[in-house]
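Here is the structure we will look at, set down as structure tokens.
The values are calculated or read from the model by the stated rules, or taken from the named source; none is laboratory data. Just so it is clear, the model here is predicted, and its values are computed rather than measured. Heads up, the Cβs are rebuilt from the backbone with ideal geometry, glycines too, and the neighbour counts pull from every protein chain shown.
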Amino acid sequence: MPDVIRIDKYIWAIRAFKTRSEATEACKGNRVKVDGVPAKPSKVVKVGDTIEIRKGAIQFTYRVKALVGNRIGAKLVPDFAENLTPQSELDKLRAPVETFFLKRERGAGRPTKKDRREMDQMWDHLDYNAEDIPDDIAYRFGLQDED
């Protein structure tokens, strides 16, 4: 095991990024923090440091348990880094995809201002926890139940 290791190499080794260059770019883009301070790619990591990595809308948090010089298998990652990411952040990974296609008649062209307002109203009233879409909204946009 090495005595010191660069942050970009460490976050690549614990499989937070697929490539070392992705890890380096994340550091350069201020998406990686060590103990709350933005880290340059050459920042040296030590045991006990807390690493925060912003990937999209999710903020991953790790604590360094041991240093590792080379990329390791996924099963060995918990031996080198403790995942402290809160469950609320991990739930964002399972968020439903909020897109679907609305049926429009062929040749109808772009939606009018009125159509756009109705679509926006539908999005505002859409409940992602509900089992189905209200019949009046489904009828207006050509959505059918799969009963």
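What to note about this one:
- Qualifying residue in the stretch 5-14 (condition: surrounded by fewer than 18 Cβ atoms within 10 Å (Cβ to Cβ) and either in contact with a Phe, Trp or Tyr (Cβ under 7 Å, 6 or more places away or on another chain) or in a loop (DSSP other than H, G, I, E, B) (or both)): no
- The set of residues in the stretch 28-54 being within 17 Å of the chain's Cα centre (by Cα) and surrounded by 14 or more Cβ atoms within 10 Å (Cβ to Cβ) consists of Arg31, Val32, Lys33, Ile51, Glu52, Ile53, Arg54.
- Test result for Arg20, assigned by TED's automatic domain parsing to the domain that holds Phe80 and within 16 Å of the chain's Cα centre (by Cα): no
- Going through (1) aliphatic (A, V, I, L, M); (2) outside any loop (DSSP other than H, G, I, E, B); (3) modelled with pLDDT under 95 one by one, Ile72 falls short only on (2).
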